[in-house]
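Please read the structure below before turning to the comments.
The values are calculated or read from the model by the stated rules, or taken from the named source; none is laboratory data. Predicted model, so just to flag it, every value in this text is computed and none were measured. Reconstructed Cβ throughout: ideal geometry from the backbone, glycine too, with neighbour counts over all protein chains shown.
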Amino acid sequence: MTLRPAAIVFCAALLIHCSAASADQVGAAVVDGRIVILNSDNTWAYADAQKQSAAGCDRFPGVELCVKDLGWASVDKVGAFQALYRVGSQYYFGLVREPYGAKAGVTLQALRSAIVQNAALAAKTTVDKVPVLEVSTEVAGIPQAEAVTYTVQMSGLPLIYRNIFRVKDDESMQIVFWSVGTTISPEFKAKIDDTVAKIKID
């Protein structure tokens, strides 16, 4: 089984988030049964999309990330990530969804192994040089998920990862948290736990 390396996440620490200025609302219309907001800069948006943003949630098929009130800011996506977030320059997390799952022979054990192999590949080292600190066979709030915590050295910089993953019939999903360091600090653990509690998965 070949999995795309999610290891591109190491580059995410260099990303700069730029937010666009919003235009004034000048009207509304109904198009195909949905309310469309008309803006002064000649742009438009569906009203329900504005509600999503106002609620601090990003929605993807089968996943809702309501984490912005915890200080997470969106950053530009890289690699296999559908979404990337950071708090300052200290903590990061991203969502990876891939279109193969149990029907294609992917198991939790195989995915866990691939995660560690991809970390070794990105760090240009071998799997035995990627210490696995913890494997959890249950993750509160995410049914049928597991988690693996591991560290790698990237160009001499120690990084700690907490990768939560799940396999369904037709897809696999990972929620990857990382920070600089060799252990998960109590503050980072609390941030991970609070974040996972605000993620809704079908």
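Just a few scattered comments:
- When residues of region 148-164 are limited to those that are hydroxyl-bearing (Ser, Thr, Tyr) and surrounded by 14 or more Cβ atoms within 10 Å (Cβ to Cβ), the one nearest to Ala123 (Cα to Cα): Thr151
Residues are listed down the side, and each one gets a yes or a no for (1) at pLDDT below 95; (2) exposed (fewer than 14 other Cβ atoms within 10 Å of the Cβ); (3) among the hydroxyl-bearing types (Ser, Thr, Tyr):
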{"position": "Ala104", "(1), (2), (3)": "no, no, no"}
{"position": "Ile115", "(1), (2), (3)": "no, no, no"}
{"position": "Ala120", "(1), (2), (3)": "no, no, no"}
{"position": "Val132", "(1), (2), (3)": "no, no, no"}
{"position": "Glu146", "(1), (2), (3)": "no, no, no"}
{"position": "Ser179", "(1), (2), (3)": "no, no, yes"}
{"position": "Ala190", "(1), (2), (3)": "no, yes, no"}
{"position": "Val196", "(1), (2), (3)": "no, no, no"}
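- Meets criteria (under 30 Å from Asp69 (Cβ atoms) and either in a loop (DSSP other than H, G, I, E, B) or not acidic (Asp, Glu) (or both)) for Tyr100: no
- Scanning region 152-161 finds one or more residues that are out of contact with any strand residue (DSSP E or B) (no Cβ under 6 Å at 6 or more places or on another chain), within 23 Å of Gly88 (Cα to Cα) and in contact (Cβ under 8 Å) with a residue 40 or more places away in the chain.
- Scanning region 64-97 for residues that are assigned to a loop (DSSP other than H, G, I, E, B) and crowded, with 19+ Cβ neighbours inside 10 Å yields a total of 3.
- When region 139-174 is filtered for residues that are within 17 Å of the chain's Cα centre (by Cα), in a strand (DSSP E or B) and over 18 Å from Ala102 (Cα atoms), the ones remaining, listed by number, are Val139, Val148, Thr149, Tyr150, Leu159, Ile160, Tyr161, Arg162, Asn163.
- Some residue of region 176-199 being in a loop (DSSP other than H, G, I, E, B) and under 15 Å from the mean Cα position of the chain (by Cα): yes
- Per-region count, region 94-123, residues in contact with a strand residue (DSSP E or B) (Cβ under 9 Å, 6 or more places away or on another chain) and of a type in the set (Lys, Arg): 2
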